[in-house]
1. Mind pulling the angle between the C-alpha long axis of helix 138-153 and the longest principal axis of the chain? Nearest 10 degrees, somewhere in 0 to 90.
2. In terms of modelled amide H atoms, which long-range or inter-chain residues lie less than 5 Å from the amide H of residue 23?
3. Taking loop as defined by DSSP and a crowding limit of 16 other beta carbons within 10 Å, which GluC sites (Glu not before Pro) in segment 162-222 fit?
4. Would you kindly derive the ³J(HN,Hα) couplings of segment 219-231 from the backbone phi angles with the Karplus curve 6.51 cos²θ - 1.76 cosθ + 1.60 (θ = phi - 60°), listing them in order in whole Hz, with x for Gly and Pro?
5. With the contact rule set at Cα under 8 Å and sequence spacing of 6 or more, what percent relative contact order holds for the chain?
6. Quick one: Cα centre-to-centre distance for segment 77-136 and segment 156-178, in angstrom?
7. Counting only other residues whose beta carbon sits under 12 Å from that of residue 146, what net charge do I get with K and R as +1, D and E as -1?
8. Rounded to the nearest percent, how much of the accessible area of the chain (1.4 Å probe, protein heavy atoms only) is carbon and sulfur?
Amino acid sequence: MCFQSDAGRGGPVKALVIRKRDFGESDLIVEFLCETGALHSGFAASAKRSRRRFPHQFFLPAIYNVEWTRSAQGGQLKRIASCELDQAFPKIADHIEDYARWASLLEWMARSHDELGQSLNYFEALCGVLHSSESNQFHTAYHRFLIEEMRRHGVNPDLKDCGSCHKAIHAESNFSVLEAKVFHTDCRPGWRLTLKARDFFCHVLSDESRIEDPPFLSTEDLQCLDATTLAFLTTQLGLELKSQNFLRQIAESSLPTARDQSASF
Ligand SMILES: [Zn+2]
């Protein structure tokens, strides 16, 4: 984790909670993504007992104002002086699937920072995903973030023509996570992609995605993306996430035809 000066500069900084872990019986070590893009860990003494100091218990889908104590006791781990809720996004926690999706974005962000050495500032992008829940667009914004990650990491799948017969595809297609290609449903098995799910995928991958509005996605379109975007990103970049198993089960339970074939594509 990189440590920049903003954790000791005084005054609160806006931050997201990336992960928290137990330390002894009642303490927590909490890792934050600060608005500057830096990742900082903080020591929250008696956090699990102190509902007065930390009533939010570092609820994940939320933005905080965090202050660290100035005196570090020899190490880099600073004590959290205060951590006040700036804004919570409880709609994300209303559905276990959405909560797991948010947790997977945080895990992805931390792991790609640690293991791929990415140094982009994700704070604004992740806040945008949180705010999308206020207009019930969280599920779409989640997939948009993942597809934008493919662009940022240069792992763009080829979604134009069939990877087998090389002809244009004008209907539903099958997507191969391993081959990074789409196929006619008659040409090759794969994860089902509706026409609109593929349009959305292409749209976000293209340079125009910030200018034009993306196509509106139905529940069925989103289920197709559930089975493909995170799996593709993590497979291509070689990072398996802890939160991924649960999300994979959700995706596969909504796509019964693909369930027994998932290992092959
Ligand atoms: Zn074909």
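1. Helix 138-153 sits roughly 80 degrees off the main axis of the chain.
2. 28, 29
3. Sites meeting the loop and neighbour criteria: 172, 179, 212.
4. 4, 5, 4, 5, 5, 5, 5, 4, 7, 10, 5, 5, 4
5. Details: 424 pairs, mean separation 36.0, N = 265.
Here the relative contact order equals 14 percent.
6. Each part's Cα centre sits 32 Å from the other's.
7. With Lys, Arg at +1 and Asp, Glu at -1, the net is +1.
8. 48
The values are calculated or read from the model by the stated rules, or taken from the named source; none is laboratory data. What you are looking at is a predicted structure, and each value in this text was computed from that prediction instead of being measured. Note that we place each Cβ from the backbone using ideal geometry, even for glycine, and neighbour counts take in every protein chain shown. Just so you know, the surface numbers come from the protein's heavy atoms only, side chains and all, with ligands and any DNA or RNA stripped out. Shrake-Rupley method; radii C 1.70, N 1.55, O 1.52, S 1.80 Å.
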